[in-house]
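What follows draws every value from the coordinates through simple rules; no lab data is involved. None of these values were measured; they are calculated from a predicted model. For neighbour counting, all protein chains shown are included, and Cβ atoms are generated from backbone atoms with ideal geometry for every residue, glycine included.
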Amino acid sequence: MRQTEKESFEDFIKSFFYGSRSDLSFKFISDFSEDQASDFLVGLFKTLVDAVDDDDLAQVKQRIMEGQALSYGGGHLKGFTYEDGPFTPMEKPLAEARLSLLTSSGHFVDGDDPEPLGAKNMTQAQAESRIMEFIKEAPKLSVIPVDTPADRLRVRHGGYDTRGALKDPNAAFPLKRLKEIQAKGGFKALTPNAYSFVGACAQTRLLKETLPEWTADMKAAAPDAVVLVPV
Amino acid sequence: MSVGHVARSFEQEGIPTVVIAVKAFENRMRSMALPRVLLTHELLGRPFGRPFDSERQTEVLEAALDLLEDATANGDIWEI
């Protein structure tokens, strides 16, 4: 399209959301008005030069965080707003506690692909292009034995920028860090398995079809507490 | 949002939870009235910080474990 007709600024902004410039770290730009997007990009360019001058990347990170917060700050919850919620106190001190880990980062073990949407060997790019199908499906939970070597962990998730998790699973699925904390006595043990799924899924189906089983399975694993990580 | 549902379901069945989420998710986490939430000042997709920053990743996890032990009621939200 860029070859044959002039692209509008609005088209440019929208292209970051699963379009020709799809970038899941910057997809929030598509939520902006043209003025907001212009201000954000001009501000980001200035910040980049300041960051080089000051040898300090924190200001770049701060600007990106502010943009990302704007896109998740609105009322996207579609009825899933609650006045109050349950609370279960810890019954044991951490030194005696067995913990479990569950993330929505889309990790799984090599050779145990959950094959979402019935597809074998789906790539990250294919997951991104099929995101609208993912959000109509019930999620599948991948069981990840806690002794899985890091080089056998795979990640695929069409809803977020997985580059950080590809470089180092611990950026989103901190199994190795948990084991280190356990080894120095921060808590007693991990359950035999950790768990992960793709958080971009049908919320009502998650609630009605999937969660009762996951909850029963977790009760059977009998952790004293679970570390949960939305990604 | 998906993990918010998981947290509520586990807690209802007597399993304590702590949720670790990037600050961008703050409104979602608050709307879902979750028991314990640690918000991290990190980018989307990297709730424990930069790849290979093991010091930061450990710091975030240890704060979450402190929150797990210290919280006494629903709605305890810390930031790191």
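Structure data summary
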read-out: Among the candidates A:E137, A:E128, A:E96, A:E91, residue that is in contact (Cβ under 8 Å) with a residue 24 or more places away in the chain and touching a Gly at 6+ places or on another chain (Cβ under 7 Å); value: A:E128
read-out: Residues within segment A:78-98 that are under 26 Å from A:C201 (Cα atoms) and at the interface with chain B (Cβ under 8 Å from one of its Cβ atoms), tallied; value: 8
read-out: Count - residues of segment B:8-43 that are assigned to a loop (DSSP other than H, G, I, E, B) and under 16 Å from B:R56 (Cβ atoms); value: 3
read-out: Matching residues in segment A:162-194 - criterion: being facing another protein chain (nearest Cβ under 7 Å), out of contact with any Phe, Trp or Tyr (no Cβ under 6 Å at 6 or more places or on another chain) and in contact (Cβ under 8 Å) with a residue 40 or more places away in the chain; value: A:T162, A:A165, A:A172, A:L178, A:G186, A:F187
read-out: Matching residues, segment A:96-130, being surrounded by 22 or more Cβ atoms within 10 Å (Cβ to Cβ) and part of a loop (DSSP other than H, G, I, E, B); value: A:S104, A:G106
read-out: Search result, residues across segment B:12-23 that are within 14 Å of the chain's Cα centre (by Cα) and within 7 Å of another protein chain (Cβ to nearest Cβ); value: B:P16, B:T17, B:V18, B:V19, B:I20, B:A21, B:K23
read-out: Any chance B:F52 is in a loop (DSSP other than H, G, I, E, B) and at positive phi; value: yes
read-out: Unmet requirement for A:D151, which otherwise passes all of (1) more than 8 Å from every other protein chain (Cβ to nearest Cβ); (2) without any contact (Cβ under 8 Å) to a residue 24 or more places away in the chain; (3) over 28 Å from B:L43 (Cβ atoms); value: (3)
read-out: Only one of A:S22, A:S30 that is outside any loop (DSSP other than H, G, I, E, B) and within 30 Å of A:A138 (Cα to Cα); value: A:S30
read-out: Whichever residue in segment A:195-212 is in contact with a helix residue (DSSP H, G or I) (Cβ under 7 Å, 6 or more places away or on another chain) and more than 7 Å from every other protein chain (Cβ to nearest Cβ) and, among such residues, is farthest from A:E96 (Cα to Cα); value: A:A200
read-out: Number of the exception - B:N27 against (1) crowded, with 18+ Cβ neighbours inside 10 Å; (2) under 23 Å from A:G159 (Cβ atoms); (3) facing another protein chain (nearest Cβ under 7 Å); value: (1)
read-out: Scan of segment A:213-231 for residues that are under 18 Å from B:Q12 (Cα atoms), of a type outside the set (A, V, I, L, M, F, W, C) and either more than 8 Å from every other protein chain (Cβ to nearest Cβ) or touching a Gly at 6+ places or on another chain (Cβ under 8 Å) (or both), ordered by number; value: A:E213, A:D217, A:K219
read-out: Of all residues making up segment B:30-69, the number that are more than 7 Å from chain A (Cβ to nearest Cβ), of a type outside the set (A, V, I, L, M, F, W, C) and under 18 Å from A:P86 (Cβ atoms); value: 2
read-out: Segment B:55-80, residues that are part of a helix (DSSP H, G or I) and in contact (Cβ under 8 Å) with a residue 24 or more places away in the chain; value: B:V60, B:L61, B:A63, B:A64, B:L65, B:L67, B:L68
